[in-house]
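Trainee: After the structure tokens below, expect a handful of questions from me.
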Amino acid sequence: MKRKSKGNAVEGTLSRNHGKKSPKVELVGQMLMSKEGYGFVRVEGREDDIYIPARKMRGALNGDTVAILAASGVSASKKREGRGGSVEGEVLRVLERSKKPYVGILQIIGGKAWVIIESRVMPYDVQVPLESVQREDEGKKVAVLVNRWERRDDAPWGEIVDVLGMPGENNTEMHAILAEYGLPYKFPDAVERAAATIPVEITPDEIARRRDFRDICTFTIDPADAKDFDDALSFRTLESGNFEVGVHIADVTHYVRPGDVLDKEAYERGTSVYLVDRTVPMLPEVLSNNLCSLREGEEKLTFSAVFEMNAKAKVIKRWFGRTVIKSNKRFSYEQAQEIIEAAAAGQAVPDAEQAPQPAVVQPEVAAQKDKQAVQPEVAAQEVRQAVQPEVTQAVLQLHKLASIMRAKRFAEGSISFERPEMKVIVDSNGKPLDVVEKITKEANWLIEEFMLLANREVAHYVTKSLKSKAPTFVYRIHETPNEEKIKSLSDFVKNFGYKFTPSKNPREIATELNTLMDESKGRPENAAISILALRSMARAEYSTDNVGHYGLGFDYYTHFTSPIRRYPDMMVHRLLARYMDKGRSEKKQLFEQMCQHASAREQLATEAERASIKYKTVEFMQDKLGKEYDGTISGITEWGLYVQIEPTKVEGMVALRDIKGDYFVFDEKRYCLRGKSSRQVFTLGDKVRVKVERTNLEQKLLDYSLVWTPPQKRGAKGSAGSSAKSSAGSSAKSSAGSSAKGAAKRGAAKKSASKERVSKKSRSKEE
């Protein structure tokens, strides 16, 4: 009899409850697999994942949708593996195979074709039909999609969906990362053709339908290497003394219509992907870098949020609508920062000493003036020279307003997490040259504050300002932190002498967190506290149900400001235009599905970006084997320590098995490793010295060994545990040459086994 589904559980599958045995229930969820062969199933609506031993996987692979039978109680095998939690289950059947391919090397062995997989979530190689492969592709990296795994087969079967190139080549490896996360790296021909046919000319009729900002001081501030300029700021002083600030966003939806081939491609991609050495755009370059990019000296169609603000940065009036602009200046963040710093130091600001003030206009005249035709166009270079002083003054005034807005935002509940972010510098061939810290300064904050303002005000307008009931809308939400994680953070910081007693009120928790971060700033434990505070936060996502944005402290928030690179922003533009034109509310269920898809694509893009950084940092460290570095413990798990070295912050692993001299136990509550005999304690933020032992570029693994661990001192704020023993250093030294042997063995075994007995891999043996 066919079972009737009800949510994620299937009716009629409860087992008999004999004696003390717990009932079992059939559930549906997504498989998260490990390289060792076991997995976890994530079921919607359940906080804890369900552990599946390798012997009970029944051919399920990472990302598959599976039906499982779950029971409560901690199993003996799970206890041995230290997996924690309370539920173990078994796979009943695979409902749907994952559409994400695996990446590996194509080899032809004994008349059979295999893709030899190197992945943290795939312990098996994949067989492909011999007749489907080209002999000249042997040895190349390919993307393979698993489509079946019958019980009679020793390994899964699949089909090659893309030939990526020779291993080790930069393009091959970057494309491999994209393929691994199911992200495309090129556009279909039909999409490119559609983009190429879009009219470039902006017609007089189109301009007449829009508010005209072409003669108003306007500029962009972006990274120096940016090509897709999707936001610009305009500025002028009104007769009242108030300021008019325009946040102008590329009007992508003017060119990309709902349901056309460009729109479908953008929806599937969900977002642009920013790898170390390249950008993989959501839209073809003719749109992202040309038609929709707000380039200096070019007329562009925009969708704008325009605010009248007083000197205290209070919004007096707001206006939303379609506009046309002409950017007077393209600033890099560094150039804008120079202007701000020169003014702060009382130095001469370039082109600003004799600068006229921005034109003063009456509010009632402004709208009329915006509709008027502009003077005949002059050369772009002449425009830059003529308006540079005015732009400079606009930058400085907007900086003042942004500083007020930023201070007010944190005072009202925004949470400040300031963790260093690193950037890999590569040459034209993708070779890593250096790893440096990304610096954010006032110029970055200037743009950030006005983008936040526009996003918040658009969400508030749709939700509260429209006369009808709040219609279906796309929100960027961030839920309140998990109570248990906040409690764990509270317990952890007490070890350092900090008082953190968050209440049930979310706003009070935010205030306490900011106080905690301020008090720990500049101290050794700050990094550890920042890490755990971030882990206590929920992940931001898109939804049609507004719960506010906890991290920002906003009751209403959306994404309106980046439609070139984010599909949800295109959704917001369309919905806003529809509701401003008195259109009916869209179907909530449809847009909720679109939100879920966008959130999932965003997460994949983030993971791919991190993977590219990891790949390049490991590549950067390849010629540094045997070198020693001072570092900081950045992560602690049941299998070892993660350490970030100075000054690059490149992170590697010190395996638990390689910390000699004692038996160390992971204390999850205090986030530390504790030696049973020596009472040596390793905790987040501890300073250590490590040696680079091994790099594995294929698996993006970097292994360190401990060379020296100083006595643990916490100063006036107290101690995180027992003092370190002097023997720690010598014991660590003795283990310097043995780091990550297990990983090395796995790699070696993988390569040897693949050629000799690749078809003999067992899918049921638990490693």
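The values are calculated or read from the model by the stated rules, or taken from the named source; none is laboratory data. Bear in mind the structure is a predicted one, so any value in this text is a computation, not a measurement. Counting neighbours? That spans all protein chains shown, and the Cβs are built from the backbone with ideal geometry, glycine included.
Trainee: I need the full set of residues from segment 294-330 which are surrounded by fewer than 22 Cβ atoms within 10 Å (Cβ to Cβ), farther than 16 Å from Asp212 by Cα and either touching a residue at least 24 places away in the same chain (Cβ under 8 Å) or under 31 Å from the mean Cα position of the chain (by Cα) (or both), in order please.
Mentor: Arg295, Glu296, Glu308, Met309, Asn310, Ala311, Lys312, Ala313, Val315, Ile316, Arg318, Arg330
Trainee: Please count how many residues of segment 138-153 are surrounded by fewer than 16 Cβ atoms within 10 Å (Cβ to Cβ) and farther than 30 Å from Thr617 by Cβ.
Mentor: Going through segment 138-153 one residue at a time, the tally reaches 7.
Trainee: What tally of residues in segment 587-603 results from selecting those that are among the acidic types (Asp, Glu), crowded, with 18+ Cβ neighbours inside 10 Å and more than 30 Å from Ile425 (Cα to Cα)?
Mentor: Applying the first criterion (among the acidic types (Asp, Glu)) to segment 587-603 yields 592, 602.
Filter once more, so that each one left must be crowded, with 18+ Cβ neighbours inside 10 Å: 602.
If we keep only those that are more than 30 Å from Ile425 (Cα to Cα) too, we end up with none.
Counting residues in segment 587-603 that are among the acidic types (Asp, Glu), crowded, with 18+ Cβ neighbours inside 10 Å and more than 30 Å from Ile425 (Cα to Cα) gives 0.
Every residue, every condition in (1) of a type in the set (A, V, I, L, M, F, W, C); (2) more than 21 Å from Leu446 (Cβ to Cβ); (3) assigned to a strand (DSSP E or B), yes or no:
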{"position": "Ser293", "(1), (2), (3)": "no, no, no"}
{"position": "Gly297", "(1), (2), (3)": "no, yes, no"}
{"position": "Ser304", "(1), (2), (3)": "no, no, yes"}
{"position": "Ile316", "(1), (2), (3)": "yes, no, yes"}
{"position": "Arg330", "(1), (2), (3)": "no, no, yes"}
{"position": "Glu341", "(1), (2), (3)": "no, no, no"}
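Trainee: Related question: Say whether the condition of being over 30 Å from Ser490 (Cα atoms) and surrounded by fewer than 22 Cβ atoms within 10 Å (Cβ to Cβ) is met by at least one residue in segment 659-681.
Mentor: Start the filter on segment 659-681 by keeping residues that are over 30 Å from Ser490 (Cα atoms), which leaves 660-661.
Of the ones still in play, those that are also surrounded by fewer than 22 Cβ atoms within 10 Å (Cβ to Cβ) are 660-661.
Yes, that holds for at least one residue.
Trainee: Here is a follow-up. If we scan segment 604-621, do we find a residue that is surrounded by 19 or more Cβ atoms within 10 Å (Cβ to Cβ), at negative phi, over 20 Å from the mean Cα position of the chain (by Cα) and not in a helix (DSSP H, G or I)?
Mentor: No, because not a single residue in segment 604-621 is surrounded by 19 or more Cβ atoms within 10 Å (Cβ to Cβ), at negative phi, over 20 Å from the mean Cα position of the chain (by Cα) and not in a helix (DSSP H, G or I).
For (1) touching a residue at least 24 places away in the same chain (Cβ under 8 Å); (2) under 30 Å from Leu401 (Cβ atoms); (3) buried (at least 16 other Cβ atoms within 10 Å of the Cβ); (4) not small (Gly, Ala, Ser), each residue gets a yes or a no:
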residue	(1), (2), (3), (4)
Lys423	no, yes, no, yes
Ser428	no, no, no, no
Val435	yes, no, yes, yes
Leu453	yes, yes, yes, yes
His478	yes, yes, yes, yes
Asn482	yes, no, no, yes
Lys485	yes, no, no, yes
Ser503	no, no, no, no
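Trainee: A further question follows. Go through Ile198, Ile216 for me and flag whichever is under 30 Å from Glu296 (Cβ atoms) and either of a type in the set (Asp, Glu) or more than 35 Å from the chain's Cα centre (by Cα) (or both). If you could, list the steps in order and put the result at the bottom.
Mentor: Working: Ile198 fails: either of a type in the set (Asp, Glu) or more than 35 Å from the chain's Cα centre (by Cα) (or both).
Result of the check over Ile198, Ile216: Ile216.
Trainee: Let me ask another. Can you tell me which residues in segment 537-566 are outside any loop (DSSP other than H, G, I, E, B) and over 15 Å from the mean Cα position of the chain (by Cα)?
Mentor: Here is the first cut: in segment 537-566, the ones outside any loop (DSSP other than H, G, I, E, B) are 541-543, 549, 554, 566.
Hits for segment 537-566 are Ser543, His549, Phe554.
Trainee: Any idea which of Glu201, Glu180, Glu169 is crowded, with 18+ Cβ neighbours inside 10 Å and either among the charged types (D, E, K, R) or at pLDDT below 95 (or both)? Let's see the steps before the verdict.
Mentor: On the way: Glu201 fails: crowded, with 18+ Cβ neighbours inside 10 Å; Glu169 fails: crowded, with 18+ Cβ neighbours inside 10 Å.
None of the others qualify; the one that does is Glu180.
Trainee: Going by the conditions given, is Glu265 crowded, with 18+ Cβ neighbours inside 10 Å and part of a strand (DSSP E or B)?
Mentor: Answer is no for this residue.
Matching residues to (1) part of a helix (DSSP H, G or I); (2) at pLDDT 95 or above; (3) not assigned by TED's automatic domain parsing to the domain that holds Ile221; (4) not basic (Lys, Arg):
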{"residue": "Pro502", "(1), (2), (3), (4)": "no, no, yes, yes"}
{"residue": "Glu508", "(1), (2), (3), (4)": "yes, no, yes, yes"}
{"residue": "Ala527", "(1), (2), (3), (4)": "yes, no, yes, yes"}
{"residue": "Gly583", "(1), (2), (3), (4)": "no, no, yes, yes"}
{"residue": "Gln589", "(1), (2), (3), (4)": "yes, yes, yes, yes"}
{"residue": "Met594", "(1), (2), (3), (4)": "yes, yes, yes, yes"}
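Trainee: Show the residue pairs that are 6+ apart or on different chains and have beta-carbon atoms under 8 Å apart, the first residue being within segment 223-237 and assigned by TED's automatic domain parsing to the domain that holds Ala394 and at pLDDT 95 or above, the second being of a type in the set (Asp, Glu) and crowded, with 18+ Cβ neighbours inside 10 Å.
Mentor: Close Cβ pairs satisfying both conditions: Phe229/Asp222; Ser234/Glu244; Phe235/Glu244; Arg236/Glu244; Thr237/Glu244.
Trainee: Given (1) touching a residue at least 24 places away in the same chain (Cβ under 8 Å); (2) in a strand (DSSP E or B), identify the lone condition not met by Tyr642.
Mentor: (1)
Trainee: Looking at the structure I just gave you, is Gly626 assigned to a loop (DSSP other than H, G, I, E, B), farther than 23 Å from Val121 by Cβ and out of contact with any Pro (no Cβ under 9 Å at 6 or more places or on another chain)?
Mentor: Values: assigned to a loop (DSSP other than H, G, I, E, B): yes; farther than 23 Å from Val121 by Cβ: yes; out of contact with any Pro (no Cβ under 9 Å at 6 or more places or on another chain): yes.
Here the answer is yes, as Gly626 does meet what is asked.
Trainee: If you don't mind, another one. So if I check each of Val395, Val458, Val391, which one is over 22 Å from the mean Cα position of the chain (by Cα), surrounded by 19 or more Cβ atoms within 10 Å (Cβ to Cβ) and not assigned by TED's automatic domain parsing to the domain that holds Val306? Let's see the steps before the verdict.
Mentor: Working: Val395 fails: not assigned by TED's automatic domain parsing to the domain that holds Val306; Val391 fails: not assigned by TED's automatic domain parsing to the domain that holds Val306.
Exactly one residue qualifies, and that residue is Val458.
Trainee: I'd like to know if segment 461-475 contains one or more residues that are surrounded by 14 or more Cβ atoms within 10 Å (Cβ to Cβ), closer than 29 Å to Tyr274 by Cα, of a type outside the set (Val, Ile, Thr) and touching a helix residue (DSSP H, G or I) at 6+ places or on another chain (Cβ under 8 Å).
Mentor: Within segment 461-475, one or more residues are surrounded by 14 or more Cβ atoms within 10 Å (Cβ to Cβ), closer than 29 Å to Tyr274 by Cα, of a type outside the set (Val, Ile, Thr) and touching a helix residue (DSSP H, G or I) at 6+ places or on another chain (Cβ under 8 Å).
Trainee: Select from segment 111-134 the residues that are not hydrophobic (A, V, I, L, M, F, W, C) and not in a loop (DSSP other than H, G, I, E, B) and list them in ascending order.
Mentor: So in segment 111-134, the residues not hydrophobic (A, V, I, L, M, F, W, C) come out as 111-112, 118-120, 123-125, 127, 129, 131-132, 134.
Listed by number, the residues that qualify are Lys112, Ser119, Gln127, Glu131, Ser132.
Trainee: Can you tell me which residue in segment 425-448 is farthest from Glu341 (Cα to Cα), limited to those that are in a helix (DSSP H, G or I) and out of contact with any Ser or Thr (no Cβ under 8 Å at 6 or more places or on another chain)?
Mentor: Taking segment 425-448 and keeping what is in a helix (DSSP H, G or I), we get 442-448.
Still in the running and out of contact with any Ser or Thr (no Cβ under 8 Å at 6 or more places or on another chain): 443-444, 446-448.
Details: Ala443: 10, Asn444: 13, Leu446: 13, Ile447: 16, Glu448: 18 Å.
The selected residue is Glu448.
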